[in-house]
Amino acid sequence: MKWSELNLSEDTSKMLDELQERKIKLDKLRSSLPIYVMVAACLCVYFTLIFYRTILISSGGNVMAMLDMLLANRYMVFSLLGCITFVMMMRNVMSKIETAKKKYENLRVETIDKLDHSCLINSDSQTRDQVSSLMKVKHDINLVYKN
């Protein structure tokens, strides 16, 4: 985006561009999380149903027989490994979301502080209002309030 039209300083322009990039990254991570949740949930339900039908009922409660039946069935082992893998991937994406959210919020607060002070070449409040409204409309980024 061309920030020179709004008469902004170079460092403020870079900060606003970085804020947009972080918002886009955070939105992409948030949109990918439901996919991992759905796949992990489906695999866990599948594993639970198959485990109950093929192993739990036929073993009669004998733990060694359950373990033997579990390891003998390839589909059970692969579904268990898939379930564990997708749960771990889901947790990884959740931690990335938290990290990206913290980085985004810290930069957003810093941007608000910078816009409140003398970051503008022309320290007009109209320019600050234009930047805030433009970021809200185009990128859904709040630059008016910190909380």
TODO: Could you pull the accessible area for residue 66 with a 1.4 Å probe, rounded to 10 Å²?
DONE: 40
Task: Helix axis angle, 63-72 relative to the chain longest principal axis, alpha carbon, degrees - done: 70
Open item on the list: Just to confirm a number: summing +1 for Lys and Arg and -1 for Asp and Glu over residues other than residue 76 whose beta-carbon lies under 12 angstrom from that of residue 76, what do you get?
Closed with: +1
- [ ] Round to the nearest 10 and give me the degree value, 0 to 90, for the angle of helix 10-50's Cα axis relative to the longest principal axis of the chain.
- [x] 10
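With Cβ to Cβ distances under 13 Å as the rule, what net charge do the other residues near residue 142 carry (K, R +1; D, E -1)?
Neighbour charge sum, excluding residue 142 itself: +3.
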Task: Calculated FRET value between residue 9 and residue 96, using beta carbons and R₀ = 35 Å, to 0.05 - done: 0.65
TODO: Mind ranking 8, 81, 33 by accessible surface for me, highest first, 1.4 Å probe?
DONE: 81, 33, 8
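All other residues with a Cβ under 14 Å from the Cβ of residue 90 taken together, and with Lys, Arg as +1 and Asp, Glu as -1, what is their net charge?
Summing Lys/Arg as +1 and Asp/Glu as -1 gives +2.
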Task: Partners for residue 25 among lysines (Cα-Cα distance below 19 Å; same-chain residues under 8 apart left out) - done: 14, 96, 101, 102, 103, 136, 138
Task: Carbon/sulfur fraction of accessible area - the chain, other protein chains in place, 1.4 Å, % - done: 60
- [ ] Compute the acute angle (0 to 90°) between the alpha-carbon long axis of helix 74-116 and the principal axis of greatest extent of the alpha-carbon atoms of the chain; round to the nearest 10°.
- [x] 10
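Give me Rg/Rg_expected for the chain, where Rg uses Cα atoms only and Rg_expected = 2.2 N^0.38 Å with N residues.
Expressed relative to 2.2 N^0.38 Å, the Cα Rg reads 1.73.
Could you provide, to the nearest whole Å², the per residue accessible area of the chain with probe 1.4 Å?
67
The values are calculated or read from the model by the stated rules, or taken from the named source; none is laboratory data. Computed from a prediction, not measured in an experiment: that's the story for all the values here. Because the Cβ atoms are built from the backbone with ideal geometry, glycine has one as well, and the counts that use them run over all protein chains shown. To get the accessible areas, we keep the full protein, side chains included, count just its heavy atoms, and leave off ligands, DNA and RNA. Shrake-Rupley method; radii C 1.70, N 1.55, O 1.52, S 1.80 Å.
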